[in-house]
Protein chains: 2
Amino acid sequence: MSGFTPVPHSAAQTRIVTAALDLFAEHGVSGTSLQMIADAIGVTKAAVYHQFNTKEEIVVATIETELVRLEDALAAAEADEDHARAQEILLTRVIDLAVERRRLVGTLLNDPVIVRLLEERAPFQQFMRRLFRVLIGGDARPESRVRAAMIGAAIGGAVTSPVVADLEPATLHAQLISLTKRFLEISD
Amino acid sequence: MSGFTPVPHSAAQTRIVTAALDLFAEHGVSGTSLQMIADAIGVTKAAVYHQFNTKEEIVVATIETELVRLEDALAAAEADEDHARAQEILLTRVIDLAVERRRLVGTLLNDPVIVRLLEERAPFQQFMRRLFRVLIGGDARPESRVRAAMIGAAIGGAVTSPVVADLEPATLHAQLISLTKRFLEISD
DNA sequence: GTCTATATGAAGATAGAC
DNA sequence: GTCTATCTTCATATAGAC
């Protein structure tokens, strides 16, 4: 029920996670070495290993710090009995975050290492299931599920697209909200 | 005008490219070593290096073999004066391919190494520009561009989504076609 | 076209001093 | 919390024989 509870981080850990996120977004997880992370914050690899025992732990911490940004909106959506309103609460927050953290979204949704961790670790699994439940509702028809998959992918993928790379965040945000709403309305 | 002309490959090269594509889809480009590729086809690393001088050349060859699948549809779309019909020709083919090569799509659209090559290499650049031109048409308004980005991302991302992982290819395909058409119609 | 063998560097990770 | 130094493994890549 409580789902996903991330661990708090020290200041040193936060610096590592922030630098790692940035590098993961640019080079992918496998393309980012601990040396690159250490260099980015101006310490040695050994200092990084003092904070996290393995590279995987750093990846897990970065996933946690991003997923936690959705937690409040997800809880609020789940508390609403009206499914359409729940969906809107969640999607609005998802769009906010996707635009705000534009550079990261592709990595979080697609990087093979992150995808594997999201599938393997029980807390992440549960969190993702909660997200999908609100997106799909009780409706298991292929049409609803493909539509949910398309909306999720459209929001996540659109913010990274070169086609909109030069748009202001505010413009991009407004258009995403408007188009997502209209897409939800069709076939309802 | 001619745009993108891929190099033909020998049988040995084709075996390498096929195995590489499969591994890239699972582990990403950076997560795939030449040893893994060599093992997958049952030869040594040296044999692979006899066919391609660098790992990057293998990646380029894999991108080429996938992009070329869109070439005919793109040419046909460009030849049609009716923009809506051109868009439909291209999107239908894109959906066909996305469903058919489901496992690969995420990697081709998102892997940092592949994205970098698509941006850096002139032939790829030109090919992508042609694709986007058909998708967006002459229309440069933010709304059209965000819509185009969403459609591209929705198709590319939806096929990989866990939400639809258990759907038959035919079902997925039919729903994607139907929903994409309706999404195109809104706000036209 | 494939092999064995090898060069060279960088990866993840640890020990122990300050 | 950070350092220097080190270990081991694996990466890309090459030389030269069959």
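Per-residue counts of other Cβ atoms within 10 Å, averaged by peptide: what ranking do you get for B:151-163, A:61-73, highest first?
Working: B:151-163: 24.3, A:61-73: 18.4.
Ranking the peptides B:151-163, A:61-73 by packing returns B:151-163, A:61-73.
Considering just Cα atoms, how many Å³ per residue does the convex hull of segment B:42-147 enclose?
On the way: hull volume 13.6 nm³, N = 106.
Spread over its residues, the Cα hull of segment B:42-147 gives 128 Å³ apiece.
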Report the Cα centroid-to-centroid distance between segment A:115-188 and segment B:99-164 in angstrom, as an integer. 16 Å
Among A:LEU176, A:LEU34, A:LEU167: highest mean-square fluctuation, GNM of chain A, C-alpha pairs under 10 Å: A:LEU167
What are the nm distances, shortest first, from B:GLY42 to its equivalents in the other copies, labels at 7 Å along Cα→Cβ? 5.6
Which residue fluctuates the most in chain A, going by a Gaussian network model with Cα springs under 10 Å, if the choices are A:ALA79, A:ALA40, A:ALA19? A:ALA79
Out of A:THR54, A:LEU67, A:ALA86, whose Cα points farthest toward the positive end of the dipole of segment A:32-89 (charges: +1 Lys, Arg; -1 Asp, Glu; placed on Cβ)? A:THR54
For B:HIS50, B:HIS173, which order do you get if you count the other beta carbons within 10 Å of each Cβ and list the fewest first? B:HIS50, B:HIS173
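So if I place +1 on the C-beta of Lys and Arg and -1 on the C-beta of Asp and Glu, and nothing else carries charge, what would the dipole magnitude of chain B be about its Cα centre? I want it in debye, nearest 20. Can you show the working numbers first?
Numbers: 19 positive and 25 negative charges, 60 e Å.
Magnitude of the dipole: close to 280 debye.
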Which three extents, in angstrom, do the Cα atoms of the protein assembly as shown have along their principal axes, listed largest first? 54, 53, 38
Over the protein assembly as shown, how many pairs of lysines fall under 28 Å by alpha carbon, counting only those 8 or more apart in sequence or from different chains? 6
Shielding score for A:113-119, defined as the mean number of other chain Cβ atoms within 10 Å: 2
Taking only the alpha-carbon atoms of chain A, the convex hull volume per residue, in cubic angstrom, is 130 Å³
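Averaged over peptide A:158-169, how many Cβ atoms belonging to another chain are found within 10 Å of each residue's Cβ?
Working: counts 11, 4, 5, 11, 8, 14, 8, 2, 2, 4, 1, 0.
Taking the mean over all residues of the peptide, I get 6.
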Say R0 is 45 Å: what FRET efficiency, to the nearest 0.05, do A:THR5 and B:THR5 get from their beta-carbon distance? 0.25
Taking the Cα centre as origin and putting +1 on Lys and Arg beta-carbons and -1 on Asp and Glu beta-carbons, what dipole magnitude results for the protein assembly as shown, to the nearest 20 debye? 420 debye
Sorted shortest first, the nm distances from the B:GLU56 label point (7 Å along Cα→Cβ) to its counterparts in the other copies are 3.2
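Mind checking which helices in chain A clear 27 Å along their axis (Cα) and have mean Kyte-Doolittle hydropathy of -0.5 or more, DSSP H runs only? Could you put the intermediate results ahead of the total?
Details: long enough: A:55-79 (36 Å, 0.38).
Span-like helices in chain A: A:55-79.
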Where the centroid of each part is defined by its Cα atoms, how far is segment A:19-59 from segment B:26-62 in Å? 26 Å
Which distances in nm, rounded to one decimal and ordered from shortest, link the label point of B:GLU168 to the equivalent label points in the other identical copies, with labels set 7 Å from Cα toward Cβ? 5.0
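We did not get these values from a lab; they are worked out from the coordinates using the rules stated. What you see is a predicted model; the values in this text were computed from it and never measured. Quick reminder, even Gly has a Cβ in these numbers, built from the backbone with ideal geometry, and neighbours come from all protein chains shown.
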